[in-house]
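Take a look at the structure set out below.
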Amino acid sequence: MRMVTLPGGESVPALGLGTWHMGERGSDRAAEADALRCGIDLGMTLIDTAEMYGTGGAEEVVGAAIRDRRDKVFLISKVLPFNASRNGTVEACEASLARLGVEAIDLYLLHWPGPSPLEETLAGFEDLQRDGKIRHWGVSNFDTSEMKALAIEPGGSACVTNQVLYNLARRGIEFDLLPWCVARSMPVMAYSPLEQGRLSGNKALAEVAGRHGVTELQIALAWVLDRDGVIVIPKAGRLDHVRQNHAALGIRLTSEDRTALDHAFPPPSVKRPLEIL
Ligand SMILES: NC(=O)c1ccc[n+]([C@@H]2O[C@H](COP(=O)([O-])OP(=O)(O)OC[C@H]3O[C@@H](n4cnc5c(N)ncnc54)[C@H](OP(=O)(O)O)[C@@H]3O)[C@@H](O)[C@H]2O)c1
């Protein structure tokens, strides 16, 4: 497994497992937990979930998947902005811990900027850290100006990541947000790296995929994995998809591949507002 270093020196896998839409249907839960266990066994031991997903159902699926392997996993969950007052953050985290069946979350994120003042949310994160309920905290869907505002909050420099939309079709962060984070040795966590499957069928991706004997989505994933300081969290509820995503780690893109992909999916030349799914 390729590793990425968090500020503070801890290493986490560059390729993890997303869970959005898991836990929504009771009949799918066992298969979803199997898919997560398969990923963990392949070394994709970073799991991203949120209180929002399946209204807590995804956290229950994750809890079932990791029951006998908690110590192998770097566990991430998120607080909804509407819950992110100081006390609300603590209460939301405690509810997540109960659904996950764990004593602590490794990384707890504010899901997107919301109505609570940042100082309130940060105070909640600090309470949770002091009580051993979370180890690290970070944010999600913060644009560069929001990261700059966070950085000057008291305690704001303890943020370890910003989880944002990033894939071949969504390269806006390359203009300023990604360089801003890289300059601070803060990994960016790329969500929806497969554009939720919609990159399948793209002609440029198909050509590159043909050269490597893999699928278009594996190339899309290999492209994000090729970036320094980026953690990637594709979601796969099917075992074959989990294995294909893991195999993307072994794909070495050539300069010809990168040029073809840059041509089809040009990098940004101007600042674009952060896109959110
Ligand atoms: N912070 C945020 O605001 C935010 C927003 C969105 C997502 N996220 C996180 O990021 C994770 C990933 O993003 P996402 O779920 O939106 O989208 P994604 O990972 O880009 O795509 C997931 C979709 O692709 C399919 N898929 C996965 N691997 C595949 C493969 N090898 N071949 C073909 N299809 C494949 C999955 O199908 P199957 O499930 O059927 O395998 C699923 O339908 C989420 O699950 C969540 O944890 C965070």
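Checked against the criterion of being modelled with pLDDT under 95 and surrounded by fewer than 19 Cβ atoms within 10 Å (Cβ to Cβ), region 246-254 contains not a single residue that satisfies it.
Give the residue, chosen from Asp28, Asp41, that is farther than 21 Å from His136 by Cα, within 10 Å of the ligand (Cβ to nearest atom) and of a type outside the set (Lys, Arg).
Details: Asp41 fails: within 10 Å of the ligand (Cβ to nearest atom).
When all the criteria are applied, what remains is Asp28.
In region 76-98, the qualifying residues are those that are in contact with a helix residue (DSSP H, G or I) (Cβ under 8 Å, 6 or more places away or on another chain) and among the β-branched types (Val, Ile, Thr), and the one that is nearest to Val12 (Cα to Cα) is Val79. Whenever a residue of region 227-238 is in contact (Cβ under 8 Å) with a residue 24 or more places away in the chain, its partners that are assigned to a strand (DSSP E or B) and acidic (Asp, Glu), lying with C-beta atoms within less than 8 angstrom and at least six residues away or across chains, give the pairs Ile233/Asp48. Each residue in region 208-224 was checked for being surrounded by 20 or more Cβ atoms within 10 Å (Cβ to Cβ) and more than 9 Å from the ligand (Cβ to nearest atom), and 6 pass.
Could you run through region 8-22 and say how many residues are away from the ligand (no atom under 11 Å from the Cβ) and crowded, with 17+ Cβ neighbours inside 10 Å? Before you say what the answer is, go through the steps one by one.
Going residue by residue through region 8-22, those that are away from the ligand (no atom under 11 Å from the Cβ) are 8-15.
Still in the running and crowded, with 17+ Cβ neighbours inside 10 Å: 12-15.
Going through region 8-22 one residue at a time, the tally reaches 4.
Output yes when any residue across region 186-194 is under 16 Å from the mean Cα position of the chain (by Cα), away from the ligand (no atom under 13 Å from the Cβ) and either surrounded by 22 or more Cβ atoms within 10 Å (Cβ to Cβ) or hydrophobic (A, V, I, L, M, F, W, C) (or both), and no when none is. Within region 186-194 (the criterion being under 16 Å from the mean Cα position of the chain (by Cα), away from the ligand (no atom under 13 Å from the Cβ) and either surrounded by 22 or more Cβ atoms within 10 Å (Cβ to Cβ) or hydrophobic (A, V, I, L, M, F, W, C) (or both)), the answer is yes, since at least one residue qualifies. Leu46: closer than 23 Å to Tyr191 by Cα, more than 13 Å from the ligand (Cβ to nearest atom), at pLDDT 95 or above and surrounded by 22 or more Cβ atoms within 10 Å (Cβ to Cβ), yes or no? Against the criterion (closer than 23 Å to Tyr191 by Cα, more than 13 Å from the ligand (Cβ to nearest atom), at pLDDT 95 or above and surrounded by 22 or more Cβ atoms within 10 Å (Cβ to Cβ)), Leu46 does not qualify. Return yes when Arg227 is more than 15 Å from the ligand (Cβ to nearest atom), part of a loop (DSSP other than H, G, I, E, B) and either aliphatic (A, V, I, L, M) or within 23 Å of Gly18 (Cβ to Cβ) (or both) and no when it is not. The answer is yes for Arg227.
The values are calculated or read from the model by the stated rules, or taken from the named source; none is laboratory data. Quantities reported herein were computed from a predicted structural model and do not represent experimental measurements. So basically every Cβ, Gly included, is an ideal-geometry build from the backbone, and we count neighbours across all protein chains shown.
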